[in-house]
1. Quick one: grab the alpha carbon gyration tensor of the chain, order the square roots of its eigenvalues as a ≥ b ≥ c, and give me rounded if a/c is under 1.5, else prolate or oblate depending on whether a/b is larger than b/c.
2. Using mean Cβ contacts within 10 Å as the protection proxy, how do 176-183, 24-31 order, highest first?
3. State the dimensionless ratio Rg/Rh of the stretch 3-142 (Rg: radius of gyration of Cα atoms; Rh: Kirkwood radius).
4. Using a ≥ b ≥ c from the Cα gyration tensor of the stretch 152-257 (square roots of the eigenvalues), is it rounded, prolate or oblate, where a/c under 1.5 gives rounded and otherwise the larger of a/b and b/c decides, a/b for prolate?
5. Listed highest first by mean packing, meaning other Cβ atoms within 10 Å per residue, what order do 71-77, 129-135, 246-252 come in?
6. How much length would be gained if the chain were fully extended between E115 and K86, taking 0.36 nm per residue of separation minus their Cα-Cα distance, in nm to one decimal?
7. Over the stretch 179-253, give the accessible area per residue in Å² for a 1.4 Å probe, as an integer.
8. How high is the FRET efficiency from L103 to A67, r the C-beta distance, R0 30 Å, rounded to 0.05?
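The values are calculated or read from the model by the stated rules, or taken from the named source; none is laboratory data. Being a predicted model, the structure only gives us computed values, none of them experimental. Glycine also receives a Cβ, built like all others from the backbone with ideal geometry; neighbour counts cover every protein chain displayed. For the accessible areas, the whole protein counts, side chains as well, though only heavy atoms, and no ligand, DNA or RNA atoms are used. Shrake-Rupley method; radii C 1.70, N 1.55, O 1.52, S 1.80 Å.
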Amino acid sequence: MTLATDYHLLVPTYSNDFNTCFYCGCIASAHDYAPPLQYLEFYLATREPSEFLQVPCCSECHDHLKACKAGTLDERRTFAKARLAKKYDKALTIYEMWTEAELATLDFSLRHSIEAGLKLGGETAERLGYPGFAYETAGLQHNMQHQPVSYFDVFGERFSTFREALEFASKAYRIPKNTLKEYFADNNNNFELAIQAIHKQVAEKEFNQQLKQQCAAFAKQHKQAVIFVHKQVERYLSENDDMTISEALEHLYQTRVKPQHPAKR
Ligand SMILES: [Zn+2]
């Protein structure tokens, strides 16, 4: 279970920064967590960099940051700003390209839409440039509610730090560290489950490629619609766990494709 008490509330030093989004300077109406609540256990267990802060933020930054797994304030700020820049890309371009003076030469409807873009682009540029504010945190030391696990197991090998375990598992199983780290966090902070999940996904991908290729070749050879072949083979395979793709295609040939009466010569 994750508890908000694992986090320090980030409190503005100056009162005029109260209720302000730390990331973009808009009015704050929510809290962001660095690290995210659902990855708290991961950060506690691995001691990956994080400040354990509860950060005042606006609802828009809050929404954008739902997709961010990073643990530090800096990383989360960079992520939130990149999302803002992407979302208001068009307005920012208008803001960069046009000046108020040039608007006079435009006809009404174009002027109207450029004006709106200029305003939005200007606001966005301000949010992107927002430097954050001076702050204090409620406690000096992070209060560890959960004792971190003292070792990490990777299929029989035991490591005392996450970094060593990650290094080993990445090399031994030829999985990029970033991928492995993500799966580790999403699989109960467990290397073995993470590696299994990755292998399963790779196997599924290969199987689907094989399925696609073999069905296409069969369809071409026997002048059948690819979608028909694909559907039938998938049905046979779902009805029979032990059947291979080739066997399913052979079954399809025998039952549905092979001419009932050989053509007379
Ligand atoms: Zn914001």
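1. Values: a/c = 3.85, a/b = 1.45, b/c = 2.66.
It is oblate, given that a/c is not under 1.5 and a/b is not larger than b/c.
2. Numbers: 176-183: 15.1, 24-31: 17.2.
My ranking of the peptides, most packed first, is 24-31, 176-183.
3. Working: Rg = 18.3 Å, Rh = 16.5 Å.
With Rg and the Kirkwood Rh in hand, the quotient comes to 1.11.
4. Prolate is the answer for the stretch 152-257, as a/c is 1.5 or above and a/b outweighs b/c.
5. Result, highest mean first: 71-77, 246-252, 129-135.
6. On the way: separation 29, 0.36 × 29 = 10.44 nm, distance 1.97 nm.
Difference between extended and current length: 8.5 nm.
7. On the way: 4930 Å² over 75 residues.
For the stretch 179-253, the per-residue accessible area is 66 Å².
8. On the way: r = 36 Å, r/R0 = 1.21.
Result of the calculation: an efficiency of 0.25.
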